[in-house]
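Asks: Below: one structure in structure tokens.
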Amino acid sequence: MDMALPVVNATAAVLARVSAAFNGPLARAVVFGVHIDGHLVVEGLLIAVIVFQLSRKSYKPPKKPLTEKEIDELCDEWEPEPLCPPIKEGAKIDAPTLESAAGPHTIVDGKEVVNFASANYLGLIGNEKIIDSCISSLEKYGVGSCGPRGFYGTIDVHLDCESKIAKFLGTPDSILYSYGISTIFSVIPAFCKKGDIIVADEGVHWAVQNGLHLSRSTVVYFKHNDMASLASTLEKLTRGNKRAEKIRRYIVVESIYQNSGQIAPLDEIVRLKEKYRFRVILEESHSFGVLGKSGRGLAEHYGVPIEKIDIITAGMGNALATDGGFCTGSVRVVDHQLWVCFLCISATLSCQCCCFCR
């Protein structure tokens, strides 16, 4: 503090002398009726210097290319940061390793245990008849067609399976997908585009959410499995909205919600769908083969005619104990998906937009 005081006093004295020097000759100067003091000249000069400094281009020293030796030294010194933080000792999880088929009873670390973690709803894993059929199919067809379905990858058993699924559910046609969880988020963007309206349950699982995002449609959520909320949402979207009558509108729900286990009231959903003129996309991965007297799903469970549901999808990794999924509905619904795949292959020579042929 004692050292700073003389510096401040000296600075004030210098400013006073400069101001006095300018005030002397300009003491009586008047410009456009304004009296000009010396301090105004000093301030004007300071402002001019500041503007000049701000307007100057920054100095950049000329770049010199690094030598090979300098590049090697920099590479030797560089240590990349880890993509993820190291796992702490207490956070490590040793996942159990199955040593047999994931049936109702399985072997883990040499010990037979009861399996509560499987979605093998009908206990078909390990079925001898299915195993024999798989072996004969491998011997005849190999492990796969190694090509897109819409190009050269369709096998006769694909068509046979699609026909049997449609006949079992009572729909005109069906189509297979090669990856179960991706079926729903491939189907939704195939039908729903930018500008369309989708009303979806806020409790739908990740695959459905992904499909909603990929569609780029306007998505409005209603409260989980709450039909009053659904009715209110549909009313708000359609009441006095002439534009809504001219665009495609969908209701997306799950039959049995993966995240909560609740069953969707399909009869009420169909009533609202017909009242407000929406289409219904129903995801039945956890109800196909389980609900209904013969396992035909939510429509049979509620006694709703299957033709009142516009699009039905399901993964086959649960009740059917296999991989893949299917979409079923009208012939027009199935043909549209075939054309989407065909156009994709024609444009890119490889189908990367969905999992229909992968």
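Asks: What number comes out for accessible area per residue over region 145-357 if the probe is 1.4 Å? Units Å², please.
Replies: For region 145-357, the per-residue accessible area is 47 Å².
Asks: Related question: To the nearest whole percent, what portion of all C-alpha pairs in region 145-357 is separated by more than 30 angstrom? Walk me through the numbers before you get to the answer.
Replies: Values: 4260 of 22578 pairs.
That fraction is 19 percent.
Asks: With a cut-off of 8 Å between alpha carbons and a minimum separation of six or more residues, what is the relative contact order of region 81-236 in percent?
Replies: 11 percent
Asks: What trypsin sites (Lys or Arg not before Pro) does region 280-318 have in DSSP loop regions with at most 14 other beta carbons within 10 Å?
Replies: K293
Asks: Sort the following peptides by mean Cβ neighbour count (other Cβ atoms within 10 Å, averaged over residues), highest first: 309-321, 193-205, 121-133.
Replies: 309-321, 193-205, 121-133
Asks: Here is a follow-up. Which of the lysines could a cross-linker span from K92 if the Cα-Cα distance has to be under 23 Å and same-chain partners fewer than 8 positions apart are dropped?
Replies: K111
Asks: Carbon-plus-sulfur fraction of the accessible area of region 101-185, 1.4 Å probe, in percent? Spell out each step's value before the answer.
Replies: Values: 3270 of 5380 Å².
On region 101-185, the fraction of accessible area on carbon and sulfur atoms equals 61 percent.
Asks: Carbon and sulfur together cover what percent of the accessible area of region 199-350 at a 1.4 Å probe radius?
Replies: After summing per-atom areas, the C and S share lands at 51 percent.
Asks: Quick one: compute the contact order of region 145-357, relative version, from alpha carbon pairs under 8 angstrom and 6+ residues apart, as a percent.
Replies: 27 percent
Asks: Now for a different question. What residues have an amide H closer than 5 Å to that of V199, excluding those fewer than 5 places away on the same chain, when H is modeled at 1.01 Å from N in the peptide plane?
Replies: V220, Y250, I251, V252
Asks: Here's a follow-up. Quick one: what are the phi-derived ³J(HN,Hα) couplings along region 73-79, Karplus 6.51/-1.76/1.60 with θ = phi - 60°, whole Hz, x for glycine and proline?
Replies: Using θ = phi - 60°, the values come out as 5, 5, 5, 5, 7, 6, 10 Hz.
Asks: Tell me, what ³J(HN,Hα) does each residue in region 253-268 have, in order and in whole Hz, if you take phi through Karplus 6.51 cos²θ - 1.76 cosθ + 1.60 with θ = phi - 60° and put x for Gly and Pro?
Replies: For region 253-268, the Karplus-derived couplings read 9, 9, 5, 10, 6, 4, 7, 10, x, 7, 9, 6, x, 4, 4, 6 Hz, x marking Gly and Pro.
The values are calculated or read from the model by the stated rules, or taken from the named source; none is laboratory data. Since this is a predicted model, take the numbers as computed values, not measurements. Backbone-built Cβ (ideal geometry, glycine too); neighbour counts: all protein chains shown. Just the protein is used for accessible areas: all its heavy atoms, side chains included, with ligands, DNA and RNA removed. Shrake-Rupley method; radii C 1.70, N 1.55, O 1.52, S 1.80 Å.
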